[in-house]
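Each remark here refers to the structure printed beneath this line.
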Amino acid sequence: MQVTMRILDYCNSLLYNTANKDIARLQRVQNCLARVVTRYPRFSSSVPLLKSLHWLPVHYRIIFNICTISYQALASKQPTYLNSMLTPARNSRELRSTSSNQLYIPRVKMKAGTRAFSVAAPTLWNSLPVSVKSEGNIVSFRRRLKTYLFYAAYPP
């Protein structure tokens with residue numbers, strides 16, 4: 001099971017902001033895997049299965065992976081090529097939002113530009129609540145991020 005989940009996660013961040021049909025293929029694989037793990041019939045609904053297994057849908061797994069890479073690049077300044085793409089936002093005025101770890105989002109002219117890590121990572125990072133971004137280590141950051149995304153994917 002872990003091997004299959006790693007295969008689903010491999011380079012899936014490249015699918016951020018792509019057509020839903022591309023993500024739907026991976027989602028079908030994850031749904032089938034959930035049915036195999038739980039031994040449910042083929043045509044049963046997969047949403048309760050994913051929720052009971054505490055698995056994020058593919059779209060949210062992509063967000064999780066991009067945010068995790070961003071956190072690691074910001075926290076350890078490594079790798080430098082990723083860290084150089086994540087620059088803190090500079091405001092000319094003193095606002096409450098200046099202390100909330102916001103990142104500068106470069107402007108792009110085409111929709112395809114929004115898929116680039118240099119645009120996608122700051123956009124997703126800025127959308128996170130301060131309580132998630134301010135975690136001190138990677139383990140607690142990932143735990144808090146997954147909880148946040150889980151409630152976004154499956155509202156109570």
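The condition of being under 23 Å from residue 128 (Cβ atoms) and exposed (fewer than 12 other Cβ atoms within 10 Å of the Cβ) holds for only one of 90, 42, that being 90.
Return yes when residue 132 is among the β-branched types (Val, Ile, Thr) and more than 30 Å from residue 28 (Cβ to Cβ) and no when it is not.
No, not satisfied.
The residues listed here are 57, 122; of these, the one that is touching a strand residue (DSSP E or B) at 6+ places or on another chain (Cβ under 6 Å) and within 28 Å of residue 25 (Cα to Cα) is 122.
Would you point out which residue out of 116, 152 is closer than 20 Å to residue 23 by Cβ, modelled with pLDDT of 95 or more and either in contact with a strand residue (DSSP E or B) (Cβ under 9 Å, 6 or more places away or on another chain) or hydrophobic (A, V, I, L, M, F, W, C) (or both)?
Sole residue among the options that is closer than 20 Å to residue 23 by Cβ, modelled with pLDDT of 95 or more and either in contact with a strand residue (DSSP E or B) (Cβ under 9 Å, 6 or more places away or on another chain) or hydrophobic (A, V, I, L, M, F, W, C) (or both): 152.
Just one of the numbered conditions (1) at pLDDT below 95; (2) surrounded by 15 or more Cβ atoms within 10 Å (Cβ to Cβ); (3) of a type in the set (A, V, I, L, M, F, W, C); (4) part of a helix (DSSP H, G or I) is not true of residue 67: (1). So is residue 124 of a type outside the set (Gly, Ala, Ser) and closer than 20 Å to residue 18 by Cβ or not? Answer is yes for this residue.
Yes or no, residue by residue, for (1) exposed (fewer than 13 other Cβ atoms within 10 Å of the Cβ); (2) part of a helix (DSSP H, G or I); (3) within 13 Å of the chain's Cα centre (by Cα); (4) without any contact (Cβ under 8 Å) to a residue 24 or more places away in the chain:
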| residue | (1), (2), (3), (4) |
| --- | --- |
| 101 | no, no, no, no |
| 109 | yes, no, no, yes |
| 124 | no, yes, yes, no |
| 142 | no, yes, yes, no |
| 146 | no, yes, yes, no |
| 149 | no, yes, yes, no |
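Pairs meeting the criteria (first residue in the range 1-30 and touching a residue at least 60 places away in the same chain (Cβ under 8 Å), second residue of a type in the set (Phe, Trp, Tyr), beta carbons under 8 Å, at least 6 apart or on different chains) are 13/117. Within the range 30-62, the set of residues being β-branched (Val, Ile, Thr) and either within 17 Å of residue 12 (Cα to Cα) or under 15 Å from the mean Cα position of the chain (by Cα) (or both) comprises 58, 62.
The values are calculated or read from the model by the stated rules, or taken from the named source; none is laboratory data. Just so it is clear, the structure is predicted and the values come from calculations on it, not from any experiment. Please note: Cβ atoms are built from the backbone with ideal geometry, for glycine as well, and neighbour counts cover all protein chains shown.
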